[in-house]
1. Could you tell me whether the stretch 312-428 comes out rounded, prolate or oblate from its Cα gyration tensor? Rule is a ≥ b ≥ c as square roots of the eigenvalues, rounded for a/c under 1.5, then prolate if a/b exceeds b/c, otherwise oblate.
2. State, to one decimal in nm, how far the label point of HIS75 lies from the label point of GLU847, with both points 7 Å from Cα in the Cβ direction.
3. Run the numbers on the stretch 389-510 and let me know its relative contact order in percent, using alpha-carbon pairs under 8 Å that are six or more apart.
4. Full-extension gain between HIS787 and ARG579, please, as 0.36 nm times their residue separation minus the C-alpha to C-alpha distance.
5. Under the rule of at least 5 residues apart or a separate chain, name every residue whose amide H is placed under 5 Å from the amide H of MET206.
6. Determine the gain in length on full extension of the stretch THR185-ASP735; use 0.36 nm per residue of separation and subtract their C-alpha separation, reporting nm with one decimal.
7. Under 5 Å between amide H atoms, partner at least 5 residues away or on a different chain: which partners does HIS829 have, H built in plane at 1.01 Å?
8. Let's test the formula: R0 of 22 Å, r as the Cβ-Cβ distance of TYR510 and THR448. What FRET efficiency results, to the nearest 0.05?
Amino acid sequence: MLAAGDASSPGPEAAADEDGRIFLVQHRWWKEAQEGAGIDVHGVPYAVAPSGPTSYSQRMFSLIMSDYTATFVLHRANDLALQPDAPAKAGARSYALVVADVFDKARSWHLDSLKANGKNLFLTEEASVNIYPIMLRVSVTRGTNALTVKISKKDNSAENFKRANKILVSDPDPVHIWDFSGRTTFILMNEWNRIPQDPRSSDQEMPLEIQFYDISEPTANGATGKKDELALTMGGSALSNGSIMDMDLDSSGGICKQVGSGLIGLDNLGNTCFMNSAVQCLAHTSKLVDYFLGDYHKEINPHNPLGLKGELAYSFGDLLRKIWAIDGTSFPPRQFKARLARFAPQFNGFNQHDSQELLAFLLDGLHEDLNRVKRKPYSEAKDADGRPDEEVADEYWGNHLARNDSIIVDTCQGQYKSTLVCPLCKKVSITFDPFMYLSLPLPSSATTTRTMTVTVFSTDGTTGPCPYTVNVAQSGYTKTLIDALSNACSLRDDERLLVAEVYNGSLLRYLEEPSEVISLIRDGDRLVAYRLPKDSEDAPIVVFKNERMESSLSSFGRKSWKNFGTPLVSNLPDTINGRTIYDLFLKLLTPFRALKDDDTADVDQITGKSSPVNETSDMDMSSDAAECSSINNNAGEDDIMTEGGMEFFLNSERFPNPRMKIEMDQTITVSNSKKRLLVTVSWQDNGLKQYNFDSMDSLPEVFKTVLFARRPQETCSLYACLEAFIKEEPLGPEDMWYCPGCKDHRQASKKLDLWRLPEILIIHLKRFSYSRYTKNKLDTFVDFLIHDLDLSRYIRDRSGQISNHYQLYAVSNHYGGMGGGHYTAYVYHEGKKKWYDFDDRCVQGLEKEDSIKTSAAYVLFYRRVQGDSSLDTETTTVASDSTS
């Protein structure tokens with residue numbers, strides 16, 4: 001056991017690092033410690049004066065009118081610095097601001113002084129202190145060294161708001177505050193540096209949270225205060241190890257023998273409900289509670305490069321002791337969050353995160369901080385080579401324990417068997433890997449199937465476009481989609497489908513690769529399929545895209561050519577000329593005509609006047625360069641927009657902007673590799689009036705998400721989730737396995753089996769799914785067992801005599817969707833034989849046990865029991881102590 005303040009103790013040194021808290025203490029208390037401990041810091045004195053009315057009644061009226069915001073002014077009181085005895089005479093009306101590490105030293109000195117004088121810590125003022133967080137808003141009065149301090153009821157609880165006013169109100173005695181933290185100087189200098197840059201800007205308020213260390217108020221009255229039993233993390237000192245009023249210590253110190261009920265909430269620091277939910281579940285895991293209420297410090301591994309030198313373990317241990325403190329109240333877990341963010345920087349700040357993700361990082365971090373293995377031996381996994389599974393599994397597990405040995409491994413880690421089979425050489429690879437939790441898929445239609453809508457077009461002008469909605473496998477391929485679409489649109493045996501993605505009136509890409517995964521298709525994409533003759537797969541096709549003159553804001557009302565509608569596709573005959581192109585397009589437009597057949601305009605009027613832009617009658621399209629060779633022969637805008645309805649221009653897929661006008665008598669040869677002719681149709685207003693293109697302008701998306709749409713509630717059992725977890729399935733194309741037999745990457749089949757289970761089984765229900773373009777949350781109701789979850793038939797290892805029956809004791813819930821939500825926790829209290837709802841700082845009992853079964857259940861916590869015993873028949877040391 002290290003003495004308080006011992007420099008060799010990893011706990012207090014780690015806890016003091018980067019602690020940005022500011023403490024407000026009584027000046028008398030601080031002065032004694034400063035002189036006794038020889039703390040060499042200098043302070044700046046301030047005199048506090050209320051801003052506005054001075055009488056009590058006027059101040060109360062002012063508070064009401066200002067939305068309960070009290071305002072005070074701090075003036076520099078340099079005369080106090082010249083009177084060394086002045087602060088002492090001020091008594092309780094004089095305070096000091098100090099930083100956390102200096103505060104730790106001062107308090108250590110006081111504790112050591114009490115022990116040296118033989119005083120009982122629990123009978124002194126040091127044993128019954130409270131710490132109250134008070135949020136201030138500070139600004140600088142222009143042209144002065146004065147600070148304006150505002151205390152708002154919006155930022156503080158009602159009790160802390162009253163305490164702050166009681167501290168600062170100078171009635172009848174004056175109030176002085178000595179700043180030994182340097183924070184006020186920082187605020188002043190920050191403002192002075194800002195003035196030359198923006199002299200017209202208004203006073204800028206800076207938030208400042210101070211921790212009021214109150215030794216004048218009895219603990220019993222501190223309804224909203226925080227017990228200071230662990231706030232300072234003073235290593236081996238009595239208070240730092242969880243000893244608070246009425247808590248006993250053994251001779252070695254630091255072991256809690258009497259604890260509270262554990263029904264203490266955690267304040268939400270800003271989107272930290274995910275953290276509070278996961279922490280409450282772990283804080284009521286009996287094995288971990290017993291461990292962290294004991295003398296866990298001796299197992300801290302400060303030399304593990306993968307850990308935090310014990311900082312995370314100390315912080316989590318302190319957090320658990322506060323939760324299990326006698327007569328404790330809700331508190332903000334700021335220090336714990338800061339330590340966790342050092343181990344996992346993604347949890348820095350105040351963004352919403354995943355409780356299961358935090359749980360994984362927390363357990364891993366605690367394991368590394370508490371790993372009993374100081375020197376990890378090198379071990380190489382050997383291939384099974386036909387050996388019995390029991391022998392191989394024990395070998396893998398032994399290698400794992402040789403490098404990893406902690407309370408987390410003892411309690412939360414199990415082992416599963418992974419089998420990979422090569423589809424070609426049939427090579428079998430078997431490994432046995434540890435797990436901290438099981439991530440179970442939900443056998444929901446939303447995870448196994450995907451709903452997709454594709455619009456089908458004819459290529460002979462017989463029918464108009466028609467959208468079809470099909471369900472395909474979530475992990476399917478382009479061929480899967482085309483097969484489902486072929487059945488939906490009753491595709492004939494002599495037909496095939498050409499599927500493409502439409503964007504901005506053009507065909508962006510063709511889905512011609514059968515093995516391409518459909519996960520690359522986004523829900524917001526627009527897909528079309530063209531019915532083409534099957535016997536013409538090698539025949540060339542023509543793709544017509546449409547454009548018209550439109551004005552845009554970006555061009556200040558000037559008109560320019562813009563694509564519109566959906567491209568139309570048709571097969572090309574062997575001989576092609578301008579007249580063929582026109583006839584094919586006119587045939588494709590038949591379903592879109594708005595006029596009767598006998599109203600058809602004359603062909604010459606529709607196609608417009610001939611323009612001798614190119615005297616050559618033949619156009620050889622053997623290459624992209626040939627397609628664009630006559631760019632300078634383009635007709636001018638006046639020639640293009642003839643009095644007819646449309647004109648045709650030839651484009652290249654590689655170079656879409658350069659184009660050549662197609663004359664009626666010109667022969668066109670298609671000999672490029674893709675055998676696709678891209679034609680742009682330029683429409684005049686009089687031509688557009690003859691057709692209705694509404695169905696071409698409003699293609700449906702692949703999947704349209706309907707906000708607030710009620711979907712049928714899907715239900716599955718937890719056993720069904722386990723079956724889906726151990727089901728054999730092929731690896732995805734992005735997860736190819738390198739086969740040692742083939743010496744190449746293969747899409748092997750994979751199967752998982754449970755081999756050995758831990759004492760605490762954590763089950764993560766995979767409600768959130770992510771792909772390259774989509775994300776989704778499943779609200780499937782999982783019917784999980786509360787009593788006697790029997791996993792015996794899922795365990796492949798039959799050699800052991802350990803029970804595979806489990807009881808539920810905690811649930812982490814997530815309410816809401818992908819865009820935002822809220823986390824809570826359900827916890828079974830073994831001492832009170834009752835389930836409780838932990839919603840941040842609010843804790844309340846549940847009347848019915850079945851009420852914990854909801855579609856919000858996200859992470860389930862089970863503990864091993866013997867046979868079919870129930871929650872009511874097994875208690876722990878913590879539970880029995882809490883009821884004694």
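The values are calculated or read from the model by the stated rules, or taken from the named source; none is laboratory data. Just so you know, these numbers come straight off a predicted model, no measurement behind them. We place every Cβ from the backbone using ideal geometry, glycine too, and count neighbours over all the protein chains shown. Calculation scope for accessible area: heavy atoms of the full protein, side chains included, ligands and nucleic acids excluded. Shrake-Rupley method; radii C 1.70, N 1.55, O 1.52, S 1.80 Å.
1. Cα axes put the stretch 312-428 in the prolate bin.
2. 6.1 nm
3. 14 percent
4. 67.0 nm
5. VAL138, SER139
6. 192.3 nm
7. LYS834, TRP835, TYR836
8. E between TYR510 and THR448, to the nearest 0.05, is 0.20.
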